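Here's the structure, in structure tokens; my notes come after.
We did not get these values from a lab; they are worked out from the coordinates using the rules stated. Remember, it's a predicted structure, so these values are computed and weren't measured experimentally. Heads up, the Cβs are rebuilt from the backbone with ideal geometry, glycines too, and the neighbour counts pull from every protein chain shown.
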Ligand SMILES: NC(=O)c1ccc[n+]([C@@H]2O[C@H](COP(=O)([O-])OP(=O)(O)OC[C@H]3O[C@@H](n4cnc5c(N)ncnc54)[C@H](OP(=O)(O)O)[C@@H]3O)[C@@H](O)[C@H]2O)c1
């Protein structure tokens, strides 16, 4: 039934922001499905260990420098990727950052950092890669969104605006580029512990609060994203475009209880 549907052999996937965190998990999952990789970081030396890991899987991994806040860097990276491999089949637009603050304290520079990185950066990386995908009549673009693409969270105003923008951008680009054989989807993770948010997980109360709101009763583990990224990168999703796939343990259901929970010993008190 699934013959070849999830097989990425012979394809090249470019993963931005692959020096750590979810970017490495996306890259690893795609490599295990057969893809060779191009991986990026602002500091190319930070990719050395991950490149070795991917090569040990029997796949190629080419490290390139990329700062998504720098137009020239995006153009140089796209040209270098094309020179190195010819065709890039899959783009995972993963590079991103966050500033976590009450909205009343957000500065002009905070806003620009988050929006320039997550939204403007995602668009111009996608544009550079899509211009080349058009020539081949094929492409899979996976923009990384977030549960904040669809939900409001206090303390995450610029981040939520950027991720809501990524979801909207995904729909617009899907409509624009479908005629060229390019699908554009948004993979939206829920809460996964990485460098970006590890400080939150130091609070036992916060973790309990979070888990209480997740129907599957645990935060995400990076491998929970493997199936979704391979699906969106592969032939299996050939008729799926413009969509946001939330991989979040169900937190985007709203996760509010409509009934009051009885205390555990309620029966004994009668
Ligand atoms: N962790 C979660 O729960 C979660 C949930 C939903 C969405 N996300 C999103 O998923 C992505 C990965 O998250 P993560 O938790 O793995 O974050 P992370 O550990 O902070 O990693 C972020 C990556 O983005 C790269 N990056 C940051 N600014 C960049 C810039 N200006 N130009 C190029 N690359 C840049 C970093 O690379 P260098 O520093 O090496 O350049 C790094 O590899 C982010 O976009 C994040 O917002 C995360």
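Taking a label point 7 Å from the Cα of residue 6 along the Cα→Cβ vector, which residues of region 227-246 have an amide N closer than 12 Å to it? Counting only backbone N, you get 227-237. Can you give the relative contact order of region 72-231 as a percent, counting alpha carbon pairs under 8 Å and 6+ residues apart? Once normalised by length, the contact order is 23 percent.
Between the helical axis of 21-32 and the longest alpha-carbon principal axis of the chain there is an angle of about 60 degrees. With a Förster radius of 41 Å applied to the beta-carbon distance between residue 180 and residue 65, the computed FRET efficiency rounds to 0.90.
Distance between the modelled labels on residue 208 and residue 53, one decimal in nanometres: 3.3 nm (7 Å Cα→Cβ projection).
Of interest is the spacing of the C-alpha centroids, which for region 181-246 and region 55-74 amounts to 23 Å. Between the Cα long axis of helix 204-213 and the first principal axis of the chain there is an angle of about 80°, rounded to the nearest 10. Anisotropy class assigned to region 1-58 is prolate, per the alpha carbon gyration tensor with a/c at or over the 1.5 cut-off and a/b larger than b/c.
Normalised radius of gyration (Cα atoms, divided by 2.2 N^0.38 Å) for the chain: 1.06. Relative to the longest principal axis of the Cα atoms of the chain, the long axis of helix 71-85 makes an angle of roughly 60 degrees.
Rounded, prolate or oblate for region 150-255? Axes are the square roots of the Cα gyration tensor eigenvalues, ordered a ≥ b ≥ c, and the cut-off for rounded is a/c under 1.5.
Details: a/c = 2.51, a/b = 1.79, b/c = 1.41.
Taking the square roots of the gyration eigenvalues as a ≥ b ≥ c, region 150-255 is prolate.
Once a ≥ b ≥ c are taken as the square roots of the eigenvalues of the Cα gyration tensor of region 100-159, is the result rounded (a/c under 1.5), prolate (a/b larger than b/c) or oblate (a/b not larger than b/c)? Verdict is oblate for region 100-159. Compared with the alpha-carbon gap, the fully stretched path from residue 258 to residue 193 is longer by 20.5 nm at 0.36 nm per residue. Dividing the summed helix terms, -39500 (n - 2.57) for each DSSP H run of n ≥ 4, by the number of residues in the chain produces a 222 nm estimate of -11500 deg cm²/dmol to the nearest 500. Comparing 260, 44, 88 in a Gaussian network model of the chain, where Cα atoms under 10 Å apart are tied by springs, the biggest mean-square fluctuation is seen for 260.
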